[in-house]
Amino acid sequence: MRLDRFMVPLTLTAALLNSTQLPVLGQIQKNDDDVIPAEIVLRLLNSDLLEVQQILLYELPNDLPIQLPLPDQATVLVSMVYRVKGLDVDLYRVLLDVSQPPETVAAQYRQQLESQGWEEPMLTAGDLGGFIPSAAQLNNQLIFCSADKSQSILVLASSQADNTTSLDLNLAPVPDNNSSCRSDLASAQPPDFESPMPLLSPPVGAIVTPQGSSASGNKPNEYSFVEVEATIESELSAEAIAQHYAAQWESAGWRPYGEETNGRVKKVWILEDEAGQPWQGTLTIEPSAEQSGMYRAIATVEVLQENSHE
């Protein structure tokens with residue numbers, strides 16, 4: 001079943017922030033064989049936040065904001081242009097076929113992007129510190145920033161039945177702040193909190209996905225208790241993962257205080273901050289009961305009352 005070209009008017013509405021409503025044209029291809037009605041295609045592709053402006057078969061959009069590198073031996077299948085509702089921002093998605101396996105395509109495309117000045121962003125933990133996410137949340141996923149930090153590209157490479165690769169490229173503008181592409185700007189901002197939770201880099205080969213954090217205290221932006229959680233997918237044992245993170249706690253000045261191992265691993269540390277306030281830190285690595293190689297990780301720091309750890 002193929003799509004043939006015809007014009008469909010689309011109206012983009014202001015839904016998030018101030019924006020001018022613009023009538024735009026979406027292009028969908030068909031031929032005289034089978035026809036997919038445009039309204040069905042658009043309903044599948046539209047969402048509450050995004051609306052399709054353009055669909056093109058076998059070619060790239062001609063108004064890309066930056067030259068988009070394409071992998072060697074790649075065939076463009078379809079391109080889509082989305083408008084973020086309420087914002088004067090376009091997102092571009094390109095689907096390609098590449099006649100090599102995903103691991104090869106991802107590795108070669110990374111080299112190609114780096115040779116053209118694209119950089120992988122420096123991923124950091126959340127505002128409260130703790131677990132830094134792994135660079136790849138999925139196998140063969142790449143995230144890169146353009147040299148001028150104006151655009152980011154998300155790359156997903158997945159295997160097809162004939163061992164070739166389906167490649168999904170997503171190009172988007174980088175926001176002025178709150179972006180890992182502009183971590184140099186973010187790092188210049190002073191932190192708006194005070195807690196000694198260390199930053200915890202992931203083990204090699206592990207997929208670390210932060211799951212949230214919480215904090216409490218008696219003063220604004222000054223916490224006496226912080227907890228962060230993550231899921232970890234790794235071939236390492238719970239003991240090995242805990243030992244990997246333990247080295248980082250101790251390099252940050254925490255003194256080992258105790259350990260428990262009973263299916264899960266729990267490590268405890270003590271720290272005295274610059275003001276002389278004692279803290280206790282704990283790290284728990286708990287294997288999943290349902291899936292081998294999956295772990296729940298929880299890290300906490302909390303103020304101790306004087307002599308409470310004696």
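The values are calculated or read from the model by the stated rules, or taken from the named source; none is laboratory data. For clarity, every value in this text was computed on a predicted model and none was experimentally measured. Cβ atoms come from the backbone with ideal geometry, glycine included; neighbour counts cover every protein chain shown.
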Test result for Glu235, assigned to a loop (DSSP other than H, G, I, E, B) and under 22 Å from Ile132 (Cβ atoms): yes
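Each row is one residue, and each column tells you yes or no for (1) closer than 15 Å to Ala246 by Cα; (2) touching a helix residue (DSSP H, G or I) at 6+ places or on another chain (Cβ under 9 Å); (3) in contact (Cβ under 8 Å) with a residue 40 or more places away in the chain.
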| residue | (1), (2), (3) |
| --- | --- |
| Glu260 | yes, no, no |
| Val268 | yes, no, no |
| Glu274 | no, no, no |
| Trp279 | no, no, yes |
| Ile285 | yes, yes, yes |
| Ser288 | no, no, no |
| Met294 | no, no, yes |
| Leu304 | no, no, no |
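Specify which of the listed residues (Ser195, Ser183, Ser187, Ser179) is small (Gly, Ala, Ser), at pLDDT below 70 and either at positive phi or surrounded by 16 or more Cβ atoms within 10 Å (Cβ to Cβ) (or both).
None of the other options fit; the residue is Ser179.
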Strands (runs of 3 or more DSSP E) (entirely within region 1-91) containing at least 3 residues that are at pLDDT below 80: 6-12, 22-28
Complete set of residues in region 121-162 that are acidic (Asp, Glu) and modelled with pLDDT under 80: Asp127
Residues satisfying the stated conditions in region 259-310, i.e. within 17 Å of Thr231 (Cα to Cα), assigned to a strand (DSSP E or B) and of a type in the set (S, T, N, Q): Thr282, Thr284, Thr300
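Here is a yes/no grid of residues against (1) closer than 25 Å to Pro133 by Cα; (2) more than 30 Å from the chain's Cα centre (by Cα); (3) surrounded by fewer than 15 Cβ atoms within 10 Å (Cβ to Cβ):
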position: Trp254; (1), (2), (3): yes, no, no
position: Arg264; (1), (2), (3): yes, no, no
position: Thr282; (1), (2), (3): yes, no, no
position: Gln291; (1), (2), (3): yes, no, yes
position: Gln305; (1), (2), (3): no, yes, yes
Near pairs, Cβ below 9 angstrom, 6+ apart or cross-chain, from region 68-90 (outside the structural domain of Glu114 (by TED's automatic domain parsing) and over 16 Å from Gln111 (Cβ atoms)) to any residue that is among the hydrophobic types (A, V, I, L, M, F, W, C) and surrounded by fewer than 16 Cβ atoms within 10 Å (Cβ to Cβ): none
Test for Leu87: is it under 26 Å from Asp148 (Cβ atoms), out of contact with any strand residue (DSSP E or B) (no Cβ under 7 Å at 6 or more places or on another chain) and of a type outside the set (D, E, K, R): yes
